[in-house]
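Structure first, then comments.
The values are calculated or read from the model by the stated rules, or taken from the named source; none is laboratory data. Keep in mind that this is a model prediction, so the values were computed, not measured. Backbone-built Cβ (ideal geometry, glycine too); neighbour counts: all protein chains shown. Surface areas here come from the heavy atoms of the whole protein model, side chains and all, with no ligands, DNA or RNA. Shrake-Rupley method; radii C 1.70, N 1.55, O 1.52, S 1.80 Å.
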Amino acid sequence: MLPVIKGNLEGLKQAKEIVERLSDSAYTQVYTPYLQSSIGQHLRHIIDNYFTLIQGLENSHIDYNWRRRGAQVEQSRQTALAELEELSHWLTNLNENDIEQQLSLVSEVCLAETQSDFARSNLHRELIFVASHSIHHIAIISMNMRLQEIDVPEHYGLAPATATFLRQQDQ
């Protein structure tokens, strides 16, 4: 299995384990004033990035501005589990030709005004980005879980390079 696929599957596995650990109320809790989004909203964002890649592979264009804000996955753990399973299946079936496909992409880049930028890329590079971005959101989800006094494994939200550093410290 290609390392980029394996790494993405590890992130989706963490996301699935998170959903399985939570009650419905913990999944939708917005822990203000410390956080502005629920765990379900963060998971929706992770999942949306992968669906953006699926659409991008189909039409050779990735639109990172696309979001399903308010979608059922933000409220339903069962929907999240089904979508995570669908994404794992998609990743498992990718091959080297798929991930090297050339793509164009668009993403908003300014906070103060609506302004998007465009670039060329390939699915391989975008899988690296989405895996890294997912880890960032899993770290935020882990904070939300701790605020709700839910047990969180230490490796949740840990960047692969940080895990390597920590392993080297133990030697």
Tell me, what ³J(HN,Hα) does each residue in segment 119-128 have, in order and in whole Hz, if you take phi through Karplus 6.51 cos²θ - 1.76 cosθ + 1.60 with θ = phi - 60° and put x for Gly and Pro? 8, 9, 7, 9, 4, 4, 4, 6, 5, 4
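Determine the relative contact order of segment 1-131: mean sequence separation of Cα pairs under 8 Å and six or more apart, normalised by residue count, in whole percent.
Numbers: 167 pairs, mean separation 36.8, N = 131.
Relative contact order for segment 1-131 comes out at 28 percent.
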Restricting to DSSP loop positions (anything but H, G, I, E, B) with no more than 12 other Cβ atoms inside 10 Å of their own Cβ, which GluC sites (Glu not before Pro) remain in segment 95-171? Glu100, Glu113, Glu149, Glu154
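Cα-Cα pairs above 23 Å in the chain: how many percent?
Details: 6212 of 14535 pairs.
Of all Cα-Cα distances in the chain, 43 percent exceed 23 Å.
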Taking amide hydrogens as modeled 1.01 Å from N in the peptide plane, which residues meet the under 5 Å criterion relative to Gln101, leaving out close sequence neighbours? Leu123, His124
Any chance you could get the radius of gyration and Dmax over the Cα atoms of segment 42-84, in Å? 10.7, 31
Bin width 10 Å, alpha-carbon pairs only: give the P(r) of segment 17-114 as whole percents, running from 0 to the bin holding the largest distance. 14, 38, 32, 15, 1
Simple spin-label estimate for Asp63/Glu96, 7 Å along Cα→Cβ, in nm, reads 3.4
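Give the ranking of His42, His61 by solvent-accessible surface, highest area first, calculated with a 1.4 Å probe.
Values: His42 25, His61 65 Å².
Greatest to least solvent exposure: His61, His42.
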GNM, the chain, Cα, under 10 Å: largest mean-square fluctuation among Arg44, Arg120, Arg68? Arg120
Given a Förster radius of 25 Å and the C-beta distance between Ser23 and Ala163 as r, what FRET efficiency does 1/(1 + (r/R0)^6) yield to the nearest 0.05? 0.30
Could you sort the peptides 25-37, 80-92 by per-residue average Cβ neighbour count (10 Å cutoff), highest mean leading? 80-92, 25-37
Can you tell me which of Asn49, Asn144, Asn95 moves the most in a GNM of the chain? Springs connect C-alpha atoms under 10 Å apart. Asn95
